[in-house]
1. In the list 284, 304, which residue meets the criterion of being within 23 Å of residue 210 (Cβ to Cβ) and among the polar types (S, T, N, Q)?
2. Determine the pairs where a residue that is under 15 Å from residue 183 (Cβ atoms) and away from the ligand (no atom under 14 Å from the Cβ), located within segment 253-276, has a partner that is open to solvent by 10 Å² or more (accessible area, probe 1.4 Å) and charged (D, E, K, R) with Cβ atoms under 6 Å apart, the partner being 6 or more residues away or on another chain.
3. If you check residue 212 against the conditions, is it under 20 Å from residue 18 (Cβ atoms), over 15 Å from the mean Cα position of the chain (by Cα), among the hydroxyl-bearing types (Ser, Thr, Tyr) and in the same structural domain as residue 260 (by the TED database)?
4. Determine, yes or no, whether residue 54 is more than 22 Å from the chain's Cα centre (by Cα), within 13 Å of the ligand (Cβ to nearest atom) and not polar (S, T, N, Q).
5. Show me the helices (runs of 4 or more DSSP H) found entirely inside segment 226-305 where at least 3 residues are open to solvent by less than 60 Å² (accessible area, probe 1.4 Å) and touching a His at 6+ places or on another chain (Cβ under 9 Å).
6. Quickly run through segment 131-152 and pick out the residues that are open to solvent by 10 Å² or more (accessible area, probe 1.4 Å) and over 23 Å from residue 232 (Cα atoms).
7. Is there any pair with a first residue in segment 69-95 that is touching a residue at least 12 places away in the same chain (Cβ under 8 Å) and a second that is more than 14 Å from the ligand (Cβ to nearest atom) and open to solvent by 70 Å² or more (accessible area, probe 1.4 Å) whose Cβ atoms are under 6 Å apart and which are 6 or more apart or on different chains, and what are they?
Amino acid sequence: MARVEVQLPTKQYEVQIENGLLQQIGGLIEQTWPSRQVALISDTNVAPLYQADITEQLVRHGFQVREYTVPAGEASKAWPVIADLATKMAGDHFTRSDGVIALGGGVVGDLAGFVASIYMRGISFIQIPTSLLAQVDSSVGGKTAIDLGEAKNILGTFYQPDAVFIDPTTLTTLSDRYVAEGYGEIVKTAALDSTDFWHLTEQINSIDDIRSHATELSQRSIGYKARIVMADEKESGQRQLLNFGHTMGHAIELLAHGKLAHGEAVSIGMVHLMQVFEDLKLASTGITAAIKERLQAVGLPLDSPLLGTAAFYDKIKNDKKNKNGKLNLVYLQAIGQPAIYSIPTDQVQAFFNEQTMD
Ligand SMILES: NC(=O)c1ccc[n+]([C@@H]2O[C@H](COP(=O)([O-])OP(=O)(O)OC[C@H]3O[C@@H](n4cnc5c(N)ncnc54)[C@H](O)[C@@H]3O)[C@@H](O)[C@H]2O)c1
């Protein structure tokens, strides 16, 4: 079993990663929580694949289980879905000593984590991430959120789980497209972390390579994220580094209206940003080509006609991460050497236009 420890001032928990882990999930949860009622929250794609078996194991281990299923997709990260889940939990007499389990991708994790954090001012929470993006990124770090219309992740909390259980064999049922999108976040993390992790990604030349290296890739990605979160849980400093590729990525993700998955947009965002910083000679020569090569190897997109449009700059100017009229862009001086470049938000368009016109 691969393990990553997350030690925060108010909470310590472990991420356990192993092929076939779901076959012993009842016992693992029993080691984490005494018997209680649990809300097993999943979505319409994941529930038919994994929910019944997990429920059966939990019941065998003395838990009472309520299965709640939300429609698959980002649209479920919405207030009416939270209200519906909380209403069901209240109707089923959930108390503060009960628990919530998220079984699904990043959408279910964000949604279930948010409802767990506000129901009776917070009840226990466990993550069982089933998409690659959730296994390498979103299930760890404690950010929960829902969207308000176009405003992504605008309502949320910092709420850490009691444990995260990852079974990479769930990736066999995940579509190739979503395996690739999760890999976008892995490339981001490897580039931020070290040349050592970066070299590991040299072995990934197809989607199947991602599946077969998933345990190691998850352990490395989560290990890096855990170190950052342990140093800066609430994103007042170092945690900003995880936004590499995300400022541009979020803007085109929003403009694509659901046609680009999160990791696809981040892939385009990293390439666009690094080309500008390499042209400025703030990044080492050839770094953009190296990042492109990794992303291209699994078919991730590198460019978009949405980049550089007026609507694109408008989204960047209104990004919720802007502070005091400034935008902090995370870029890489070299692999494993991230840095922050701060520009006034009203100069962003001029800054990028100048670089891209040369
Ligand atoms: N909290 C954080 O720190 C954080 C970080 C990054 C992203 N996110 C959020 O994560 C979300 C994106 O996550 P995602 O890409 O996992 O999206 P998702 O949860 O929508 O999952 C992608 C698709 O795969 C399906 N799926 C998941 N696991 C499966 C499996 N094993 N087999 C078959 N189908 C499966 C889902 O039903 C869905 O259709 C976004 O809402 C984003 O804002 C959160």
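1. 304
2. 271/292
3. Against the criterion (under 20 Å from residue 18 (Cβ atoms), over 15 Å from the mean Cα position of the chain (by Cα), among the hydroxyl-bearing types (Ser, Thr, Tyr) and in the same structural domain as residue 260 (by the TED database)), residue 212 qualifies.
4. Here the answer is yes, as residue 54 does meet what is asked.
5. Ranges flagged: 246-255, 262-279.
6. 131, 147, 148, 149, 150, 151, listed by residue number.
7. Pairs that qualify, where the first residue is touching a residue at least 12 places away in the same chain (Cβ under 8 Å) and the partner is more than 14 Å from the ligand (Cβ to nearest atom) and open to solvent by 70 Å² or more (accessible area, probe 1.4 Å), are 92/66.
To keep it simple, each residue is scored yes or no on (1) part of a loop (DSSP other than H, G, I, E, B); (2) buried (at least 19 other Cβ atoms within 10 Å of the Cβ).
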site	(1), (2)
45	yes, yes
48	no, no
53	no, no
59	no, no
65	no, no
85	no, yes
88	no, no
108	no, yes
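The values are calculated or read from the model by the stated rules, or taken from the named source; none is laboratory data. Everything quoted here is computed from the prediction, not taken from an experiment. Don't worry about glycine lacking a Cβ; one is built from the backbone with ideal geometry, like all the others, and counts go over all protein chains shown. For the accessible areas, the whole protein counts, side chains as well, though only heavy atoms, and no ligand, DNA or RNA atoms are used. Shrake-Rupley method; radii C 1.70, N 1.55, O 1.52, S 1.80 Å.
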